[in-house]
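Heads up, the thing below is written out as C-alpha cells.
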Amino acid sequence: MRSVCVSASVVVNMAAPIDLELKKAFSELQVKMIDTQQKVKLADLQIDQLTRVQKHAKLTHAEVAVLADNTRLYEGVGRMFILQSKEDINSQLMDKQKTAEEKIKELEKKVYLERSVKEAEDNIREMLLSRRSH
C-alpha cells in the first residue's frame, strides 16, 4: 500500500513541472492574444476613420470639379477661411485621398499580428502533443 502512494506521488511530482510549464505557456498566449486583438481592433477603427476621410475628400473633389474656374473657393484653417485657387483645393483633396489610401493599405497588413497568435497556438499544441506522447 505504501509503495502505491510513493509511486503516485512521483507521478504527481513529475506532472507538476509540466503543468507549470503549460500554465505559463497558456498565460503567455492569453496575454499575446489580448494584445493582438486590441491592436487589430485599433487598426480596424483607424481604417474606418481613414475611409471616411477618403470618402469626404472624394465627394468634396467631385463638387469642386463642377464649379466654374473663376469661382472663389475658401479653405477652412482653424477659425478662419483662406481664399485658395481651384487648382490648389483640388491638389489638396487629391493628396488627402492618396495619403488616406496609403495608410489604409499599410494598416491592412495586420495579417502578421494574427499570424503571430496562430504560431503561438501551434507551439502550445505541439507542446501538449509531445507531453501526451511521453
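Tabulated values for the structure
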{"item": "Matching option when the condition is under 30 Å from the mean Cα position of the chain (by Cα) and modelled with pLDDT under 80, among E28, E119, E108, E101", "result": "E119"}
{"item": "Subset of segment 84-134 that is polar (S, T, N, Q) and open to solvent by less than 70 Å² (accessible area, probe 1.4 Å) - its residue that is farthest from K55 (Cα to Cα)", "result": "S130"}
{"item": "Matching residues, segment 36-63, being modelled with pLDDT under 85 and open to solvent by less than 90 Å² (accessible area, probe 1.4 Å)", "result": "T36, V40"}
{"item": "Leading residue by the ranking (surrounded by the most Cβ atoms within 10 Å (Cβ to Cβ)) among those in segment 64-83 that are in a strand (DSSP E or B) and of a type outside the set (G, A, S)", "result": "L73"}
{"item": "Residue in segment 45-64 that is of a type in the set (S, T, Y), closer than 30 Å to R132 by Cβ and in contact (Cβ under 8 Å) with a residue 40 or more places away in the chain present", "result": "no"}
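The values are calculated or read from the model by the stated rules, or taken from the named source; none is laboratory data. Please read all numbers here as calculations on a predicted model, not as lab measurements. So basically every Cβ, Gly included, is an ideal-geometry build from the backbone, and we count neighbours across all protein chains shown. Protein only, heavy atoms only, side chains kept; ligands, DNA and RNA dropped before computing areas. Shrake-Rupley method; radii C 1.70, N 1.55, O 1.52, S 1.80 Å.
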